Every structure is written in structure tokens, then in C-alpha cells.
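**Student:** What follows is a single structure, and I will ask about it in a moment.
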Amino acid sequence: MSNRNIVVDRLRALAMLGVLGIHIGPFVFASSTPRLDLFLLFQVFTRFAVPSFFFISGYGLFCNDALHRPFHYFNFIKKHLITVGLPYFVWSFFYIAMWQWEDMYRPDRSFSVSVLIVKFLLGEGCYHIYFMVILLYFYFSMPFWRWLVRWISEKSAAGIAASLSVLAALQILLYQWSATYWNYPPWTRGHAMIIRLLNERMNYLPLFYGFIFVLGGVCAIHEKKLRSWLQCHFTSSLGVFLLSCAVLVWKFKQYVLAGIPLEDIPAKYMTQLTPEGLLYTVCWLLFFSAVLEKLEDRVDEEETDLAEKKSESRRSFLDVLSEYSMIIYLIHPLFLYYWLEWFRLLGFSIAQIPVLVFYILVLVTSLLAGMVIHKLAKKYRPVGLALLGRQPQ
């Protein structure tokens, strides 16, 4: 986790695949393959996806000895308002214009700026984009996270483990305390925007993902030690990952036996913020980092050109997904929607389509569209800044 960490890049690709699974998962039982194992795959075992993005972001902000370099807050904010804030607002406005424009009007047909502002503040332009809002709030509060990562990283290995455990426990307690609607003071009545911000606090407050973000930062600072450990403990990482999978399945079974509808279990009872969801995320990151490290070791040990070519062909698709992961993440809801429309126009219903086929169609078309957008962005800098926050090289 060196100048450009290929393992972390590929974790980003896997996290993006997980996000697609989460959003296509609700169609499992409506598809021609309404199987419980596919539902578990798409809706339960993808719970690592969003927190993994925060882990990767934390890693990226603290790698390459970032804590020992000068930190200029306003320059930092200015940079990330372009790289994340600008594409967030552009894509949010695009999705609002596509699907939510009627929400902007009051009953008397006057335009409501306050509704638009709240949608931007809460990441409600589309169901997937709240991640970028939380990331922006991480940036705004960066001095606190730098202090916390530095304080934890300076401890011994046992001290780091204990500190991260306490932080994880505090995050779980915060989520459990905050997972219900609160009773608000009387003065909030009549202030719809304030009540909305209070009710939707988990959509934008970074504290609910603070542990996984800090974990990424600590891993970046102790990168060499961590990579050495991963290379020596593949079997152990596999064991804890399988254990976390078993915990998820057991918890899922408990909710099923309690009579909770299947569709409600992942979204309401087994989110990535629950204890089992957080455990699974950490174990997933541990295991797949070890897997990718093992693949890197094999690549380094290849001695013949033929072996290198074979290795490159084996790795190339994951690398491509990594390169275009952000644009696939941003654009895939559009193709999810239009594939459903195209099926209807062609005389098919989702009940006739296998969910894995649906997933692949959305992924491939999002990837192809992403390649086109990257090409345009390379030629026209404003396109790159608006849609990607940067101009691809």
C-alpha cells in the first residue's frame, strides 16, 4: 500500500463492482433467476463496497509520508473542491434534472431553491452519490483526521490495534444511538430544512465512517510493515474472511426466521454500519489485499517474457476497471435505468432476464461510456474537470 499502490488501485475496482451489485441486487427476485444465493451475493456480500471507498480515500490522503509534509488547509480544500466537489455538483445536477426536477416546484409551481440546496447538501441527486458528500465533509474536517491518524500511528503495534478497536466500537455505538429518529427541541418545528438535515444525518456526517477512513490512513503510514504482514499471512486472512462471511449468513438467517422481509434485511438491518457489516468490511479488505499482494508477488517472480504476457493478460481487465472506476461509479445508474427501458421497448420484462446478465450489461455499457468520456476529457480539459474532477493523462 509505494508511490502508486497497485493493490489499492485494484481494491477500488472491486469496490466499484460491489456498488453495482448493491444497486442491481433489488432486481434479483424480479429477474428470471430469483435465487437466494444471488440475493446474498448482490445484497449482503457487497456490503464492503462503500466503506472500502472511504478506506481507499484515507489511504490516498496519508500515503507517501503525507503527515510529514506541509499541510495548507485552504489549498487542500481548493484542490478537492475541484477534484471531488465539481464533479459531484455536475453529476448531481444532471441526475436531478433527469429524474427529480418536479420536486423543485412548490404546489403553486414556484421554484424552490431550498429543496435544491438540501438535495445537494444530503447527496440526494441520485441514490449512489451521497458517498461524495461524506468525502467532502472528510476534507473539510481534515485537520481533525490528520491529528487522529498521527496520534494512533505513533503508538506501538498493540497500541494501534487497541486504539482502532476503541474507535470502531465508538463508531458502532454512534450508529446504534443514531439509527432511529430523534425527538427534537420544540424550536425546530416549522423549520423543515433543519428537521430534514437532522433526520438525514447519516447521509453526510463523516463520523459514521471515521473508523474505516482512519484505518486507511494508518495503513498508508505503516504500508511496508502491512504489506510484509499480508505476504506472510494469506491463510490467516482467508480464515478471518470466511468467519466474517459465516457471521453475515448467520445474522441474515436470524432476521429471516424473525419474519423480516428479505428485501428489508440488507437495507435496514445489515448495513455496512452494523457490527457484522463493519467486521465483514475489515475482513474483506484484509483478505483481498492479501490476495492482490499474492498476485503482485507472482508477477515479480515471473522470469520469462511469455509468463509476463500471460500475467499481464490475466490482470488487465481489473486494471482497466480500476482506471475507469470513478466514471463507472458515477454513470452506472443511468445505464441501469435505460437497460430496463430498452428491455421494455424490445418486449422483454426484467422477469425474463437473468440478474447476472443484467449486471454484466450495466457494467460493460458503463465502462464503454466511461472510455468515451475519458477520451473527450483528454481532448477538452473543461469536460475532464466537470465530469471527473481532473484531466486524464
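**Student:** Can you find even one residue in segment 353-369 that is part of a helix (DSSP H, G or I), more than 28 Å from R35 (Cβ to Cβ) and touching a helix residue (DSSP H, G or I) at 6+ places or on another chain (Cβ under 9 Å)?
**Tutor:** Checking segment 353-369: at least one residue is part of a helix (DSSP H, G or I), more than 28 Å from R35 (Cβ to Cβ) and touching a helix residue (DSSP H, G or I) at 6+ places or on another chain (Cβ under 9 Å).
**Student:** Could you tell me which residue of segment 302-358 is modelled with the highest pLDDT, considering only residues that are under 26 Å from V50 (Cβ atoms) and small (G, A, S)?
**Tutor:** S325
**Student:** Suppose the filter is surrounded by 12 or more Cβ atoms within 10 Å (Cβ to Cβ), assigned to a helix (DSSP H, G or I) and out of contact with any helix residue (DSSP H, G or I) (no Cβ under 8 Å at 6 or more places or on another chain); does F89 pass it?
**Tutor:** So F89 fails the test.
**Student:** Name the residue, out of F76, F27, that is surrounded by fewer than 17 Cβ atoms within 10 Å (Cβ to Cβ), of a type in the set (F, W, Y) and over 26 Å from A168 (Cα atoms).
**Tutor:** Answer to the selection: F76.
**Student:** Could you identify the single residue in Y127, Y137 that is over 20 Å from L278 (Cα atoms), in a helix (DSSP H, G or I) and under 23 Å from the mean Cα position of the chain (by Cα)?
**Tutor:** Y137
**Student:** State yes or no: is D103 among the acidic types (D, E) and either touching a Leu at 6+ places or on another chain (Cβ under 6 Å) or assigned to a helix (DSSP H, G or I) (or both)?
**Tutor:** So D103 passes the test.
**Student:** Say whether the condition of being of a type in the set (D, E, K, R) and over 21 Å from the mean Cα position of the chain (by Cα) is met by at least one residue in segment 53-73.
**Tutor:** yes
**Student:** Please pick out the residue among L361, L367 that is modelled with pLDDT of 95 or more, surrounded by 13 or more Cβ atoms within 10 Å (Cβ to Cβ) and within 18 Å of the chain's Cα centre (by Cα).
**Tutor:** L367 is the lone residue from the list that is modelled with pLDDT of 95 or more, surrounded by 13 or more Cβ atoms within 10 Å (Cβ to Cβ) and within 18 Å of the chain's Cα centre (by Cα).
**Student:** Check segment 112-119 and report whether any residue there is on the phi > 0 side of the Ramachandran plot, outside any helix (DSSP H, G or I) and surrounded by fewer than 17 Cβ atoms within 10 Å (Cβ to Cβ).
**Tutor:** The answer is no; no qualifying residue exists.
**Student:** Against the conditions (1) over 13 Å from P51 (Cα atoms); (2) surrounded by 14 or more Cβ atoms within 10 Å (Cβ to Cβ); (3) at pLDDT below 95, where does A267 fall short? Just the number, please.
**Tutor:** Looking at each condition in turn, A267 falls short on (2).
**Student:** Quick one: which helices (runs of 4 or more DSSP H) sit completely within segment 145-229 and have at least 2 residues that are among the polar types (S, T, N, Q) and surrounded by 13 or more Cβ atoms within 10 Å (Cβ to Cβ)?
**Tutor:** Helices (runs of 4 or more DSSP H) meeting the threshold: 157-178.
**Student:** Taking the criterion of being under 23 Å from I152 (Cα atoms), among the aliphatic types (A, V, I, L, M) and in a helix (DSSP H, G or I), would at least one residue in segment 260-276 satisfy it?
**Tutor:** Checked against the condition, which is being under 23 Å from I152 (Cα atoms), among the aliphatic types (A, V, I, L, M) and in a helix (DSSP H, G or I), segment 260-276 yields no hits at all.
**Student:** Name the pairs: first residue in segment 29-45 and farther than 17 Å from W250 by Cβ, second residue assigned to a helix (DSSP H, G or I) and among the aromatic types (F, W, Y), Cβ to Cβ under 9 Å, at least 6 apart or on different chains?
**Tutor:** These pairs meet every condition: F29/F39; S31/F358; F42/F27; F42/Y359.
The values are calculated or read from the model by the stated rules, or taken from the named source; none is laboratory data. For clarity, every value in this text was computed on a predicted model and none was experimentally measured. Don't worry about glycine lacking a Cβ; one is built from the backbone with ideal geometry, like all the others, and counts go over all protein chains shown.
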